[in-house]
Amino acid sequence: MITASAPGKINLYFAVGPKLDNCYHEVCSVYLALNLREQVSVDFADQLSIGVTGSLSAGQLAGVPTDQTNLVVSAARLITDKTLRFEIEKQVPVAGGMGGGSADAAAALCATGELVGSSAKIDAVRLGADVPFAIMGGVALGMGVGEKLTPLELNTELHVVLITTNAGLSTPMVYSHLDELREKDGLVAEFLPPAPTDLIDALAAGDIASIARLAYNDLQRAALSLKPELQETIDAALNAGALTALVSGSGPTVFAIAESAESAERIAKRFGTSALVTSGPSAGARLEN
């Protein structure tokens, strides 16, 4: 059995541009890979099976597909048509806007390629817009649908608190709702948003306060409209000392940037077992054995 891991992520910046004919949107994103990693083990088998364990709640783990709809199966089939079994160890919240499924796919690609001895280049974006970054890791600017990646420099460690909820949000639903809100306001996006140069400079300078001030998420408006109670979570994180707090991607996980590891622990204490403390950047997909 071959084991690989890949990181979950947050979007320090996420601007949504026009909707494309394939129903994706053009985006401009700044990804941060987290030291919160999904682990996938793969082996040959007589019949397909997917086991799921991890540090998440039983309710979260129960929400992970254990049939052919799981992205690990789609990832492996890009490499081989052999029957496989998968063991997934999850740390990234499910349906939380943090790319957990994409990290599973990236780890499955890495492990399956090693298992069958294939080094063929795979068009990973076919599996999802976040999969290429889960393979790359670190910090990156993502353009296109997020797959056109440029590595960025980050001269500090960012301490992050993730505040989770068991009730997920559908990514397509959040995007669709953002489109509805923009159309209602006459603000339909026509052009791809430009790269956030001030944030990129702050990352290179390791200026945590400026990074927090410049963090941004276009999808937050739609996520808050669908789940208004998330605003209470954001407010509570700020009151607990966070430099900023935003919905992560399409949500509903909220991430808070802390000024230090100690501050992150204090913020997390405010939320009890619903909070996870982590940091970034983290490496991309890699073999673990």
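Laboratory data are not the source of any read-out in this text; all were calculated from the coordinates shown. A quick note: this is a predicted structure, and the numbers were derived from the prediction, not measured. Quick reminder, even Gly has a Cβ in these numbers, built from the backbone with ideal geometry, and neighbours come from all protein chains shown.
Relative to the longest principal axis of the Cα atoms of the chain, the long axis of helix 171-185 lies at roughly 30 degrees. FRET efficiency for the pair E262 and E229, taken as 1/(1 + (r/R0)^6) with r the Cβ-Cβ distance and R0 = 35 Å, rounds to 0.80. Applied to segment 254-269, the Karplus parametrisation 6.51 cos²θ - 1.76 cosθ + 1.60 on θ = phi - 60° returns per-residue 3J(HN,Hα) values of 9, 10, 10, 9, 10, 6, 7, 5, 5, 5, 4, 5, 5, 5, 4, 4 Hz, with x for Gly and Pro. The distance separating the Cα centre of segment 128-163 from that of segment 18-80 comes to 17 Å. Under 5 Å between amide hydrogens, built in the peptide plane, is the criterion, and for G17 it picks out E26, V27, C28 among residues at least 5 positions away or on other chains. With 0.36 nm allotted per residue and the present C-alpha distance subtracted, the L20-K184 stretch has 57.1 nm of extension available. For segment 122-135, putting each phi into the Karplus relation 6.51 cos²θ - 1.76 cosθ + 1.60 with θ = phi - 60° gives couplings of 10, 7, 5, 5, 4, 8, x, 5, 8, 5, x, 6, 4, 6 Hz, in residue order, rounded to whole numbers and with x for Gly and Pro.
Taking the 0 to 90 degree range and rounding to the nearest ten, how far is the long axis of helix 100-116 tilted relative to the main principal axis of the chain, both from C-alpha atoms? Tilt of helix 100-116: around 30 degrees. May I ask you to list the GluC sites (Glu not before Pro) in segment 179-223 that are in a DSSP loop and have at most 15 other Cβ atoms within 10 Å of their Cβ? Answer in residue order: E190. Apply 1/(1 + (r/R0)^6) to the Cβ-Cβ distance of S210 and L61, taking R0 = 45 Å, and write down the FRET efficiency to the nearest 0.05. According to the calculation, E is roughly 0.75. Applying a DSSP loop filter and a limit of 14 other Cβ atoms within 10 Å to the trypsin sites (Lys or Arg not before Pro) in segment 72-122 leaves K82, K121. For segment 1-73, the percent of C-alpha pairs falling in each 10 Å distance bin, counted from 0 to the bin holding the largest distance, reads 15, 32, 33, 19, 2. A DSSP coil position with no more than 15 other Cβ atoms inside 10 Å describes the following chymotrypsin sites (Phe, Trp or Tyr not before Pro) in segment 180-289: F191. For segment 148-162, the Karplus equation 6.51 cos²θ - 1.76 cosθ + 1.60, evaluated at θ = phi - 60°, returns couplings of 8, 9, 10, x, 10, 8, 10, 9, 6, 9, 9, 9, 10, 10, 9 Hz by residue, with Gly and Pro reported as x. Evaluated at q = 0.09, 0.13, 0.16 Å⁻¹, the base-10 log of the normalised Debye intensity for segment 2-152, with identical point scatterers placed on the Cα atoms, takes the values -0.27, -0.56, -0.84.
Under a 5 Å amide H cut-off, with hydrogens placed 1.01 Å from N, T244 pairs with I257 among residues at least 5 apart or on other chains. Summarising the amide proton neighbourhood of L34: residues at separation of 5 or more, or on other chains, whose placed amide H is nearer than 5 Å comprise G8, K9, I10, S282. When each of the peptides 263-270, 141-148 is scored by the mean number of other C-beta atoms lying within 10 Å of its residues, the order from highest to lowest reads 141-148, 263-270.
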